[in-house]
Amino acid sequence: MEEHYYGKGIIQEPLLKNYLRNRLFSQLSGTLVLRARCDAHIVGLACCSILYPSPRYCGQLHIKELYVSQSERGKGTGESIMRFIAKFALEHECRSLSWNAEKSNAGANRFYQSLGGRINDSIVNYYLHGELLRKLASDSSAEPGGFTG
């Protein structure tokens, strides 16, 4: 995934191992990690979480990442992962399944639409990154009275 976003050669194995052990697979992550295998090789990966609260006394399953190796694309691996996640969502009383896709990733968007996925025009996805995140965190006027974590 790092190479997908940042290019070949970006992975630093000690940092990756630490990240997986202490972040992704920690008890606090709340992330379900699914792997698709072909023989002994992992050929697909999905990371998802059930989010609460959600309307109608249920949860919303959100897929944070879905990745299928280049050599497996078009062979049904992605669809199998998505079907598994959809069944998992229903088994855990989730009434909706959501995910994000980069607008520039035409192949992913065609794939998601082929599954029946719809673009939600009523939602705007906001984010803060880097300096903007630090600025908001350090702004004392942003602290609501009596808030405890």
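For region 99-118, give me each residue that is surrounded by fewer than 15 Cβ atoms within 10 Å (Cβ to Cβ), in a helix (DSSP H, G or I) and of a type in the set (A, V, I, L, M, F, W, C).
Selection gives ALA106 alone.
Tell me whether region 51-63 contains one or more residues that are at pLDDT 90 or above and small (Gly, Ala, Ser).
Checked region 51-63: at least one residue is at pLDDT 90 or above and small (Gly, Ala, Ser).
To keep it simple, each residue is scored yes or no on (1) assigned by TED's automatic domain parsing to the domain that holds CYS47; (2) among the small types (Gly, Ala, Ser).
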| site | (1), (2) |
| --- | --- |
| HIS92 | yes, no |
| ASN100 | yes, no |
| SER104 | yes, yes |
| GLY107 | yes, yes |
| ARG110 | yes, no |
| GLN113 | yes, no |
| LEU128 | no, no |
| LEU132 | no, no |
| SER138 | no, yes |
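Would you check which residues across region 20-71 are surrounded by 14 or more Cβ atoms within 10 Å (Cβ to Cβ) and assigned to a helix (DSSP H, G or I) and list them?
The answer is none; no residue qualifies.
Does LYS17 satisfy the criteria of being outside any helix (DSSP H, G or I) and not aliphatic (A, V, I, L, M)?
Considered against the rule, which asks whether it is outside any helix (DSSP H, G or I) and not aliphatic (A, V, I, L, M), LYS17 comes out as no.
Any idea how many residues of region 57-77 are within 25 Å of SER29 (Cα to Cα) and not hydroxyl-bearing (Ser, Thr, Tyr)?
Residues that pass the stated criteria total 10.
The values are calculated or read from the model by the stated rules, or taken from the named source; none is laboratory data. Since the model is a prediction, treat every value here as computed from it, not as a measurement. Cβ atoms come from the backbone with ideal geometry, glycine included; neighbour counts cover every protein chain shown.
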